[in-house]
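Have a look at the structure below, then the notes.
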Amino acid sequence: MLKEVLREIEQRNRFLLTSHARPDGDAIGSALACCQILRAMGKEADVVLRDGVPRIYQSLPFADQVVQTERVNGDYEAAVVLECDSIQRTRLLGLESRFLINIDHHLSGRPFAHVNWIDPKAVATAEMVYRLAREAGVRISCEIATCLYTAVLTDTGSFMFEGTNEHTFELARELVLAGADPAHCARNIYFGHSTAKMRLLGAALSNLHREGALAWISVTREQMLRCHAKEEDCEGLVNYALSMQGVEVALFFRELPDGRFRTSLRSKGKVDVAAVAERFGGGGHHCASGCALDGPLPVAAARIIKELRLSPSVQ
């Protein structure tokens, strides 16, 4: 499929690159790197995102060139959709009539595009973008390496998630040799939080619940407003619940404007939270996934906790 993706790219000249709404590190890093790879191949390419670049990734090379919009405009010959199981997840209007190339590494990946390269064995979509560059004969510049290293760092949970292996570190090594600075990348991600996020963390932890190996926290719309927090300030809060000794699975519930609850699931490895999320219309990784549930919060929590209790690891 890599060769087919490359063949389709070679036949076209103008590309749009995008990823899912509320983009994470792999989405941002992969899109920025892939855009530069296409440009190195002599193509015209733009990164277009519905929600723009979160604050902690705005220092990445080329992040200031990202176009934030709700609708695709322009005579693009193809759209490269990274890290998505459907065009709906991009929340971008105007993709339906484009030639679509799908590059994804999730187990829940779906072949929705004209060309679908889905590799669940890849540690991150960034790994696939790196392989695309190698196959195309494109040199990995310092800037591209920085984007890809940041993507790998965040999507592996700082190399802690299941699936991290010797190949992951071989990839990281290659990116560092190409110019990525590990300390610099990590500082931007882990020491770049806003005051609003710290206040929101306090609100979330005030709602901490624990039941054996299962823990969950939550924030309401009112708490978000009181803390002056943005959606991106919720990223990573679930990991504080997971960090407790003896906890195998953690949940974070965020109230949405429509009364539903965006739910982040994290596991230390014994429980496949992607399989649980898929039962509620979501998906993701073995150790990191998400879904949306109807409220109110006690009902939403009870539904998904009931599913998790079926696992011997959380009983």
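The values are calculated or read from the model by the stated rules, or taken from the named source; none is laboratory data. The structure presented is a predicted model; accordingly, all values stated were derived computationally and were not measured. Neighbour counts run over all protein chains shown; Cβ positions are idealised from the backbone, glycine included. All accessible areas refer to the heavy atoms of the entire protein, side chains included, with ligands and DNA or RNA removed. Shrake-Rupley method; radii C 1.70, N 1.55, O 1.52, S 1.80 Å.
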Out of all the residues in region 53-76, which are surrounded by fewer than 16 Cβ atoms within 10 Å (Cβ to Cβ) and either in a loop (DSSP other than H, G, I, E, B) or polar (S, T, N, Q) (or both)? Gln58, Gln65, Gln68, Thr69, Glu70, Asn73, Gly74, Asp75
Checking Ala250 against (1) surrounded by fewer than 20 Cβ atoms within 10 Å (Cβ to Cβ); (2) among the aliphatic types (A, V, I, L, M); (3) more than 20 Å from His20 (Cβ to Cβ), which test does it fail? (1)
Residues of region 260-284 being open to solvent by 30 Å² or more (accessible area, probe 1.4 Å) and part of a loop (DSSP other than H, G, I, E, B), which ones? Arg260, Lys268, Lys270, Asp272, Arg279, Phe280, Gly281
Number of the condition not met by Val48 [criteria: (1) open to solvent by less than 10 Å² (accessible area, probe 1.4 Å); (2) part of a loop (DSSP other than H, G, I, E, B)]: (2)
Taking the condition assigned to a loop (DSSP other than H, G, I, E, B), open to solvent by 80 Å² or more (accessible area, probe 1.4 Å) and closer than 30 Å to Leu107 by Cβ, does Glu170 pass? no
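Tally the residues that are without any contact (Cβ under 8 Å) to a residue 60 or more places away in the chain and among the aliphatic types (A, V, I, L, M), restricting the search to region 66-91. If you could, list the steps in order and put the result at the bottom.
Just the residues of region 66-91 that are without any contact (Cβ under 8 Å) to a residue 60 or more places away in the chain, to begin with: 66-73, 86-88.
From what is left, the residues that are among the aliphatic types (A, V, I, L, M) are 66-67, 72, 87.
Total meeting the criteria: 4.
Every residue, every condition in (1) modelled with pLDDT under 95; (2) out of contact with any helix residue (DSSP H, G or I) (no Cβ under 6 Å at 6 or more places or on another chain), yes or no:
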site: Met1; (1), (2): yes, yes
site: Val5; (1), (2): no, yes
site: Leu17; (1), (2): no, no
site: Gln36; (1), (2): no, no
site: Gly42; (1), (2): no, yes
Are any residues in region 272-290 touching a Lys or Arg at 6+ places or on another chain (Cβ under 8 Å) and either more than 19 Å from Val123 (Cα to Cα) or acidic (Asp, Glu) (or both), and if so, which ones? Phe280
Could you please find all residues in region 209-239 being more than 22 Å from Lys306 (Cα to Cα), within 21 Å of the chain's Cα centre (by Cα) and not in a loop (DSSP other than H, G, I, E, B)? Glu231, Glu232, Asp233, Cys234
Under 9 Å between Cβ atoms, which residue pairs at least 6 apart in sequence (or on different chains) link something in region 162-187 that is in contact (Cβ under 8 Å) with a residue 12 or more places away in the chain and at negative phi with a partner that is assigned to a loop (DSSP other than H, G, I, E, B) and among the aromatic types (Phe, Trp, Tyr)? Thr168/Phe159; Ala172/Phe159
Only residues in region 294-315 that are on the phi > 0 side of the Ramachandran plot count as the first member; pair them with residues that are open to solvent by 10 Å² or more (accessible area, probe 1.4 Å) and in a loop (DSSP other than H, G, I, E, B), Cβ under 9 angstrom, at least 6 apart or cross-chain, and list the lot. none
